[in-house]
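Taking it in order: structure first as structure tokens, then the write-up.
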Amino acid sequence: MNLKLEDWTSLASLGLAVMFVALLLSFYNFIIGPQGIGPERVVEPGSLMLQLIFISAAPCLILAGVAFVLAKSSGSPVGGAILITAGIIIVAGMAFGLTMVPRIPSQYIVGAVGVAPFIFLPAGAGITGMGGYMLAVSKRRRIHSRDLDDLR
């Protein structure tokens, strides 16, 4: 099977989505600490969260948007399915992250630490929607092209 550019871009977005969720959940686990009283060393959670977002979440969203723009008119069944998977992973990860936020000691909820799941939950739903649109357009176009071939 030959993958198109939008399929590879969707695959890169999926990898970054998995990386973002894994990093966010492990960061929250670190901030909660072994006994639930915070980490055993001094950290700056706000700047660490910004690094996490700029290293994995922002590129994931950008690549998902690029894949969507590349396949917007023609669609891509493979790329659409991959983006749906990436969106579901982000939504599930952020939903689990929301359950971890109340256990984080209040002195560590600074910057984007407490609000990141609220921001990226709808972003994950948006990625899922873009993937669904790419999948739907590819099915609609495929049926349309078969009808044209029958007319010839």
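The values are calculated or read from the model by the stated rules, or taken from the named source; none is laboratory data. These figures come from a predicted structure and were not determined experimentally. Cβ atoms come from the backbone with ideal geometry, glycine included; neighbour counts cover every protein chain shown.
Can you pull out the residues in the stretch 23-42 that are of a type in the set (Gly, Ala, Ser) and touching a residue at least 60 places away in the same chain (Cβ under 8 Å)? Reasoning before the result, please.
Step one: filter the stretch 23-42 for residues of a type in the set (Gly, Ala, Ser), giving 26, 33, 36, 38.
The answer is GLY33, GLY36, GLY38.
So how many residues does the stretch 81-128 have that are part of a helix (DSSP H, G or I), under 19 Å from VAL43 (Cα atoms) and either hydroxyl-bearing (Ser, Thr, Tyr) or in contact with a Gly (Cβ under 9 Å, 6 or more places away or on another chain) (or both)?
Kept after step one, since they are part of a helix (DSSP H, G or I), are these residues of the stretch 81-128: 81-103, 106-108, 116-128.
Pick out the ones that are also under 19 Å from VAL43 (Cα atoms) and you get 100-103, 106-108, 116.
In the following step, the residues that additionally are either hydroxyl-bearing (Ser, Thr, Tyr) or in contact with a Gly (Cβ under 9 Å, 6 or more places away or on another chain) (or both) were identified as 101, 103, 106-108, 116.
So the count comes out to 6.
When only residues in the stretch 107-128 that are modelled with pLDDT of 95 or more and farther than 14 Å from ALA95 by Cα count, which is surrounded by the most Cβ atoms within 10 Å (Cβ to Cβ)?
ILE127
Just the residues that are assigned to a loop (DSSP other than H, G, I, E, B) and without any contact (Cβ under 8 Å) to a residue 40 or more places away in the chain, please, taken from the stretch 2-21. Talk me through it step by step, then tell me what you get.
First, pick out the residues of the stretch 2-21 that are assigned to a loop (DSSP other than H, G, I, E, B): 2-4.
ASN2, the sole residue that qualifies.
Are there any pairs, at least 6 apart or on different chains, whose C-beta atoms fall under 8 Å, with the first in the stretch 101-120 and basic (Lys, Arg) and the second buried (at least 16 other Cβ atoms within 10 Å of the Cβ), and if so, which?
ARG103/ILE32
Read through the list (1) touching a helix residue (DSSP H, G or I) at 6+ places or on another chain (Cβ under 7 Å); (2) closer than 20 Å to MET100 by Cβ, then give the number of the only condition that LEU63 fails.
(2)
Checking the structure you have, find out if any residue of the stretch 76-97 is touching a residue at least 24 places away in the same chain (Cβ under 8 Å), over 18 Å from MET134 (Cα atoms), surrounded by fewer than 18 Cβ atoms within 10 Å (Cβ to Cβ) and touching a Pro at 6+ places or on another chain (Cβ under 9 Å).
yes
Taking the stretch 29-44 as the region of interest, how many residues are in a helix (DSSP H, G or I) and either in contact with a Phe, Trp or Tyr (Cβ under 8 Å, 6 or more places away or on another chain) or at pLDDT below 90 (or both)?
1
With SER47, SER26, SER73 as the choices, which residue is of a type in the set (Gly, Ala, Ser), surrounded by fewer than 18 Cβ atoms within 10 Å (Cβ to Cβ) and not in a helix (DSSP H, G or I)? Give the steps one after another, and end with the answer.
Working: SER47 fails: not in a helix (DSSP H, G or I); SER26 fails: not in a helix (DSSP H, G or I).
After applying the criteria, what remains is SER73.
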